[in-house]
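Heads up, the thing below is written out as structure tokens.
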């Protein structure tokens, strides 16, 4: 799998928690999010847009669900990732472990940890969210940090800033996180008091922490290997999906000949056209989840000058018309 991926056990938890809250079977909720429930049970990882589709539906169902789902998720259920947080020597180490290993949960998201005077700041450094599901996914990650730190060392944030627009459930979100929230901020970040992070978790265990750190390093290295040459090409195309990328354009960006580009993609049993079409379909599916966007707007966003041509290509690839997606 060449696309950035997310852990299916985390996605199953989101689906199950949300389905329970609306009184329906997880498989039905997954279907409404355009996700195959059986695939979530069969695979360890799926492309990140699957996660975004689930969050898009979940956040539209009820207020502050990103926090509600975080509250229902036991760190123990996340295996070595969760236990590394629980057994760290201090709250600061728990936070650092969670941020460093987060690609195991969601490979596309990028977070960093900075220390500025009396504050520790968890900062989002990934691509700007452009869909409801991407925004909800970011809200959920910061909710997980808030809920997890309160469980582990009894410390919560002093302020959370979001670079995206204020959602309709903003007041409920602020009440559940119990801190000040800012919207349309310059960047997305969570601010904590550094002194509070010096507390020791109840399950602190130095030997276990070392063992789990080695395990997480190995898993992160595997993810790095999965990010193949095809993924590098996807990242080039995805940086400007409305551009009509030629083989020469991509080869120049990657500092290689067109022949080498084709050969390396063929070795991974794919092609520039296949990757471009795959990216277009993924991005279009996400954008179509925002009913405020017209089909023409979505078509232009993914590189089609004509909405009719986009509709035909989308139907050919997905089997459904854009407005039924």
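The values are calculated or read from the model by the stated rules, or taken from the named source; none is laboratory data. Computed from a prediction, not measured in an experiment: that's the story for all the values here. Reconstructed Cβ throughout: ideal geometry from the backbone, glycine too, with neighbour counts over all protein chains shown.
Could you tell me whether any residue of the stretch 47-60 is surrounded by fewer than 22 Cβ atoms within 10 Å (Cβ to Cβ), within 15 Å of the chain's Cα centre (by Cα), not in a helix (DSSP H, G or I) and not assigned by TED's automatic domain parsing to the domain that holds residue 115? Yes, the stretch 47-60 contains at least one residue that is surrounded by fewer than 22 Cβ atoms within 10 Å (Cβ to Cβ), within 15 Å of the chain's Cα centre (by Cα), not in a helix (DSSP H, G or I) and not assigned by TED's automatic domain parsing to the domain that holds residue 115.
Residue by residue, here is whether (1) at pLDDT 95 or above; (2) crowded, with 22+ Cβ neighbours inside 10 Å; (3) in a loop (DSSP other than H, G, I, E, B); (4) on the phi > 0 side of the Ramachandran plot holds:
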position	(1), (2), (3), (4)
16	no, no, no, no
19	no, no, no, no
27	yes, no, no, no
41	no, no, no, no
68	no, no, no, no
77	no, no, no, no
94	no, yes, no, no
99	no, no, no, no
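Residue 88 falls short on exactly one of the conditions (1) assigned by TED's automatic domain parsing to the domain that holds residue 150; (2) touching a strand residue (DSSP E or B) at 6+ places or on another chain (Cβ under 6 Å); (3) not in a helix (DSSP H, G or I), and that condition is (2). Counting only strands (runs of 3 or more DSSP E) wholly contained in the stretch 138-199, the ones carrying 1 or more residues that are free of Cβ contacts under 8 Å to residues at least 24 places away in the same chain occupy 180-182.
Against the condition within 30 Å of residue 170 (Cα to Cα) and either in contact with a helix residue (DSSP H, G or I) (Cβ under 6 Å, 6 or more places away or on another chain) or assigned to a helix (DSSP H, G or I) (or both), how does residue 216 come out, does it pass? When the stated conditions are applied, residue 216 does not pass them.
Of all the listed residues (286, 282, 297), the sole one being in contact with a strand residue (DSSP E or B) (Cβ under 9 Å, 6 or more places away or on another chain) and either in contact (Cβ under 8 Å) with a residue 60 or more places away in the chain or closer than 21 Å to residue 132 by Cα (or both) is 282. Evaluating residue 162 against the criteria (1) under 13 Å from the mean Cα position of the chain (by Cα); (2) under 14 Å from residue 191 (Cα atoms) leaves one unmet condition, (1). Note on the stretch 105-137: residues that are surrounded by 22 or more Cβ atoms within 10 Å (Cβ to Cβ), touching a residue at least 40 places away in the same chain (Cβ under 8 Å) and either over 15 Å from residue 52 (Cβ atoms) or in contact with a strand residue (DSSP E or B) (Cβ under 6 Å, 6 or more places away or on another chain) (or both) total 4.
Of all residues in the stretch 185-219, those satisfying the criterion of being surrounded by 15 or more Cβ atoms within 10 Å (Cβ to Cβ), closer than 30 Å to residue 165 by Cα and within 26 Å of the chain's Cα centre (by Cα) are 188, 189, 190, 191, 192, 197. Tally time: how many residues in the stretch 138-154 are crowded, with 24+ Cβ neighbours inside 10 Å and either farther than 17 Å from residue 105 by Cα or not assigned by TED's automatic domain parsing to the domain that holds residue 76 (or both)? Of the residues in that region, 2 qualify.
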